[in-house]
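Take a look at the structure set out below.
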Amino acid sequence: MRLHAVCKMTVQAAEDCPLVAMMRPRSGEAQWMVSEIYELRPWVPTTEYMDPYGNLCQRFTVPKGEMRIEVSMVMETEDVIAVEPSAGLVPVESLPSDVLIYLLQSRYCPSDKMEDKAREIAGDATPGYAQVEAVRAWIHDNLEYKYGVSDGSTDALDSLALGAGVCRDFAHIGCAICRALHIPARMVVGYLHELDPMDMHAWFEAFVGGRWYTFDATQSQPRGGRIVVGYGRDAADVAFLSNYGPLEMGEMKVEVSRLG
């Protein structure tokens, strides 16, 4: 599937504001960058580096006043996501070393406090993919997708108590519960074709059967047409903009369309 994704936003700085952006996807096994435009108006000197999770990050300073940021890309991505109900739990001692970090509790995923809830939700599902799918289905069926009930400080336990949230909250719960079950899980941010309402999106992946599988608790069925921008332990690792000074977000518009 060839997708064209566009993200346009404006930011307003009361004074020069150092910023790290995570707006560029990179090519990999499940997606390929065909073309890309990345514009800053006004243009400022910019450098790029790769963070510890393999994400491309852009570092620049927003000058005093308004800046427009626009990223446009054409990506080849998977029409459908892999589904493997028989994929089993990988024992911790057999996990690749670079996967172990996704077993740890993190700021928004306090998995060390959630083992009892995790066992309750997973029920008698077979350890591995079946457990993760049980978790995804439970979140989808038991939490309300609702704006305005969570904020930048809301973690997975808070979202469970609220019984509602948005995609990032659903992803945090999925990651935290999986980790409590000794299943590595990571948060993913990016774009989803035909997401309604259209916006930047978040979901989670779990490492079972020797590889990562995609799970999205906001959707009733597995769906392809995803462009991954970043991976991390939780939202703190995958912020699209991390500002180090006063900065106000203005308008933001996201579009994803299928080509051909």
Original post:
When the residues of the stretch 199-233 are filtered to those that are assigned to a strand (DSSP E or B) and in contact with a Cys (Cβ under 6 Å, 6 or more places away or on another chain), which remaining residue is surrounded by the most Cβ atoms within 10 Å (Cβ to Cβ)?
Top reply: Phe204
Subject >> Scan of the stretch 139-161 for residues that are assigned to a helix (DSSP H, G or I) and either aliphatic (A, V, I, L, M) or touching an Asp or Glu at 6+ places or on another chain (Cβ under 9 Å) (or both), ordered by number >> reply: Ile139, His140, Ala156, Leu157, Asp158, Ser159, Leu160, Ala161
**OP:** Given the conditions (1) surrounded by fewer than 21 Cβ atoms within 10 Å (Cβ to Cβ); (2) in a loop (DSSP other than H, G, I, E, B), report the number of the one that Ala236 does not fulfil.
**Re:** (2)
Subject >> the stretch 15-46, residues that are over 25 Å from Val188 (Cβ atoms) and touching a Lys or Arg at 6+ places or on another chain (Cβ under 7 Å) >> reply: Glu15, Asp16, Arg41
**OP:** Could you check, for the stretch 53-71, whether at least one of its residues is outside the structural domain of Leu192 (by TED's automatic domain parsing), more than 23 Å from Ala236 (Cα to Cα), crowded, with 16+ Cβ neighbours inside 10 Å and at pLDDT 95 or above?
**Re:** yes
Original post:
Given the structure, is Ser242 under 16 Å from Ala21 (Cα atoms) and not in a loop (DSSP other than H, G, I, E, B)?
Top reply: yes
**OP:** Have a look at Glu76, Glu66, Glu84 and point out the one that is under 22 Å from the mean Cα position of the chain (by Cα) and part of a strand (DSSP E or B).
**Re:** Glu76
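The values are calculated or read from the model by the stated rules, or taken from the named source; none is laboratory data. These figures come from a predicted structure and were not determined experimentally. Positions of Cβ are generated from backbone atoms using ideal geometry, with glycine treated the same way; all protein chains shown enter the neighbour counts.
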